[in-house]
Structures are given as structure tokens and as C-alpha cells.
Amino acid sequence: MMVLSIADLQRGAHNVLPSMVRDYLEGGAQDERTLHANPAAYRNWQFMPRRLVALNDIQTQAKIMGDTAAFPAVVAPTGLNALFWPEGDLALARAAQRSQIPFTLSTASSLSIEDIAQQAQGRNWFQLYVIERDLAFDLVSRARNAGYECLVVTVDVVANGKRERDLRNQFALPVRYNWRTLWDGVSHPAWSWRYLRHGLPVLGNFNTPAARSPAARAALLSRAMDRTFTWETLEQIRQQWPGKMLVKGVLHPQDAARCRQMGIDGVVLSNHGGRQLDDACTALDILAQLPRFKDFNVLIDGGVRRGSDIAKAVALGAQAVMIGRAALYGLACKGEDGAYQALSLLHDEYRDTLLQLGCPATSQLGPDYLHRTAINNHIQLPESRFCMESA
Ligand SMILES: Cc1cc2nc3c(=O)[nH]c(=O)nc-3n(C[C@H](O)[C@H](O)[C@H](O)COP(=O)(O)O)c2cc1C
């Protein structure tokens, strides 16, 4: 298979994965309108390239949370990565390290916080789900002791999104075997062979005595989070974690403003890849309306499939994008090498976009390079909702 794009890797992943796993990877909430709106949001912006600029040295590097990365991207936290490839978390962490960008380990990882810290020496970030407060504090201190660079607190999973593909497939771990799942496995022999050898994913962070296992594990798998998790809890987490901290899943500018006031380092504008609230707005549209900050880091995710998408996000003010499914397609095809191939494709396309755009460096990208095309889905929000003064 000739791989020229993320779409090629996506096709490869679809060929190799049983339909239940493919649906877990691809699915969104309800009618999947937000899922489809995410990549579509990028099509609402076109480039206005500049000409006759010296382009002999294109600088794709970017500062992400204070440190330099090879290009403005971070591997997003994704749970149950071992469904796509054995030890999938480690494969992704190493691919990110090779690509010189940060990797984010999910609370729902198959390898533990400590395993990843020992086996992958790149820029490791840890993503926290607050399932239960004491457990959350325990995970935070484990991540701190293991030397994670940044804590990413996800706040957009109050309960599981209604993912109808998963409901129809009765997706669960351990897998419920029936004729359909068995046939699914038989017709995808490469995947099944790997799982006969390595086993199905476990929740690596819940294998220690400290993590109150059965109830917490069940809650995580069904995404039954702590519904009393509020700004006060976030404040407590901030006190426990003095290092770099991002809040992921923010979409309302006033929530971003509140994070900034609390002394949190930044936000990841995100609708969780369209997996939680259908008809949630896209991160890119909100980004386009936020003021720019010197003292607050704004990352975005959702629907990034091309290096040109990264350039658009950066031009609109994002420090970096998080890469979710695009890296997972590569992982499902060829493990670490496939994930690295996905990240390299995005890096190369990003470099090529800067070149074609007549923009020599990430630091010079700005809204002047963009032209908004869509008029149909742009909602003008009242000024008062964007009352964050820029610094
Ligand atoms: C299979 C899968 C699992 C995910 N698991 C998590 C998770 O454990 N924690 C989290 O904060 N976000 C999770 N996400 C959301 C991603 O971090 C990210 O927001 C989203 O994938 C970005 O959209 P994209 O896939 O279109 O790039 C998951 C997404 C996918 C596709």
C-alpha cells in the first residue's frame, strides 16, 4: 500500500481492525454531526499566500508549553490504545519522542504511568480523568513522582457520550463473545493473531493496590465520572500539581478565562473528537474568536488530518494542535513505525504548507495568511462572551 496521506493510513487501519474496534476508534456521539464538523471547520478557511519571500530555511519548530518541539503538535490522550496495537501507549510515546513532540498518556492507558516513564524518555504528559477525587489525587501524585512534564485535566466527560456505534456493537471490555464478534475476529486474522499472543488491553493505572480497582475500573470504562467535579476540585488539583497544567475540553471563552484567572497554564479547546456532546461547536471556530494571549497557552484538537490544518490552527492563534485519530490510524497499521509515519506525514505537510504559503517560520504564522470562506455556519456571538482581555 502506498501511503501518502493520513487518509491512506485510515484505509489501512480500517482493513486491519475488526469492525467493533474500528467503530470504537471512529465513532462519535449520536448523529456524529460534531465528528464531521471538526474536519469541515478547516475547510472554512483558505490560505492567502505571500510571494517573493526568502524560503531557503523553513523553521517548523514551535514552543509548546515553554519547550521547543519539532513542529506544533502533541499526541492526544486516547484510552485503550492496546486495542489498536499491543503496548500501543508505548508505541505512541516512542513515535512522539522520535518526532520530537510531546505525548499524552490517558488515564485509561493500558500501560501504567510508571511503565511509560521508564520506557519512553521523551516529553511525557499525563491526562487525568476525575472518576473519584481520592483516586484522582493519587494519579496526580504518581504522575508527579514519575516526572511527567505536564498535567492535562480533561473536563468534558461528565458521562459517556451516546456513541451509538459502540452501543450497537455492545462494545465492552472484556469483549462479550458471540457469533458476530467471533466472525469479526476470524475475518481480521492479523489483528486476532496479535491478540491471541498479547491479550486484550487492561487498565494499567488500576493494577496497583492503591487504585481501588474494580469499581474505579468499571467507572472508567463506562465513563461514570465524579459529577461533583467543579472549579473547586480543579483548584485542589492545581495545588497538588505545581508544574505545567492544561485543562482539556474547554469550549466556552468564559471557562478559558476562568482557567487563566486560576493560574492554570492553558487550555486545550476540544470537543473530544466529537465523541461527547453532539452539536458541540468546533475548537477551530472558538479559537478564531478568542483574543491572543502571551501568558496563556491555547492548544486545540479535533479533525486534524493534514499539515495544512496545523498551519491554519497556528495562524488562528493556537500554540499547537493535539493529534488524536490520525496517529491511531498509523498505530493500527504498523505500531510505533506506523504512528511515526503518521506524525512524519503531518510534519512534512506542515513544512510544505509553510513553503507554499511563503511563511518561513511557525513564529510568523498569523491570521493575515487566512481568508474565511464559509458564511453559512458562522454564528456571531455577543461581545460579552469574549470578555477576556488579551495580554
Ligand atoms: C479512540 C479514542 C479514545 C480517546 N480517549 C481519550 C481519553 O482517554 N482521554 C481524553 O482526554 N481524550 C480522549 N479522546 C479524545 C482525544 O484526546 C482528542 O480530543 C480527539 O481524538 C481529537 O480529535 P481527532 O481524533 O479528530 O484528532 C479519545 C479519542 C479517541 C478517538
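List of remarks:
- Residue check: Ile286 meets all listed conditions (1) in contact (Cβ under 8 Å) with a residue 40 or more places away in the chain; (2) surrounded by 20 or more Cβ atoms within 10 Å (Cβ to Cβ) but one, namely (1).
- Scope the range 36-48; condition of a type outside the set (Lys, Arg), in a helix (DSSP H, G or I) and surrounded by fewer than 22 Cβ atoms within 10 Å (Cβ to Cβ); matching residues: His36, Pro39, Ala40, Tyr42
- Within the range 325-338, one or more residues are assigned to a helix (DSSP H, G or I), surrounded by fewer than 24 Cβ atoms within 10 Å (Cβ to Cβ) and in contact with a Lys or Arg (Cβ under 6 Å, 6 or more places away or on another chain).
Table: residues versus (1) within 17 Å of the chain's Cα centre (by Cα); (2) at pLDDT 95 or above; (3) open to solvent by 10 Å² or more (accessible area, probe 1.4 Å).
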| position | (1), (2), (3) |
| --- | --- |
| Val75 | yes, yes, no |
| Trp85 | no, yes, yes |
| Thr104 | yes, yes, no |
| Ile116 | no, yes, no |
| Val140 | no, yes, no |
| Ala143 | no, yes, no |
| Gly147 | no, yes, yes |
| Arg165 | no, yes, yes |
| Pro174 | no, no, yes |
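- Among residues of the range 241-262 being more than 22 Å from Arg142 (Cα to Cα) and open to solvent by 40 Å² or more (accessible area, probe 1.4 Å), the one that is farthest from the ligand (Cβ to nearest atom) is Gln261.
- Selection over the range 49-73 of residues that are open to solvent by 20 Å² or more (accessible area, probe 1.4 Å) and either within 16 Å of the ligand (Cβ to nearest atom) or not in a strand (DSSP E or B) (or both) gives a count of 12.
- For the range 314-330, filtering for residues that are touching a Phe, Trp or Tyr at 6+ places or on another chain (Cβ under 8 Å) and within 14 Å of the ligand (Cβ to nearest atom) leaves 2.
- Residues considered: Leu203, Leu220, Leu196. Of these, the only one that is modelled with pLDDT under 95, aliphatic (A, V, I, L, M) and farther than 16 Å from Leu139 by Cβ is Leu196.
- For the range 185-208, the candidate set comprises residues that are open to solvent by 80 Å² or more (accessible area, probe 1.4 Å) and assigned to a helix (DSSP H, G or I); within that set, the residue that is farthest from Ser106 (Cα to Cα) is Val186.
The values are calculated or read from the model by the stated rules, or taken from the named source; none is laboratory data. Only a predicted model underlies this, so the values are computations on that prediction, with no experimental measurement involved. A quick note on method: Cβ atoms are made from the backbone with ideal geometry, for glycine too, and the neighbour counts reach across all protein chains shown. Areas reflect the complete protein model, heavy atoms only, side chains present, ligands, DNA and RNA absent. Shrake-Rupley method; radii C 1.70, N 1.55, O 1.52, S 1.80 Å.
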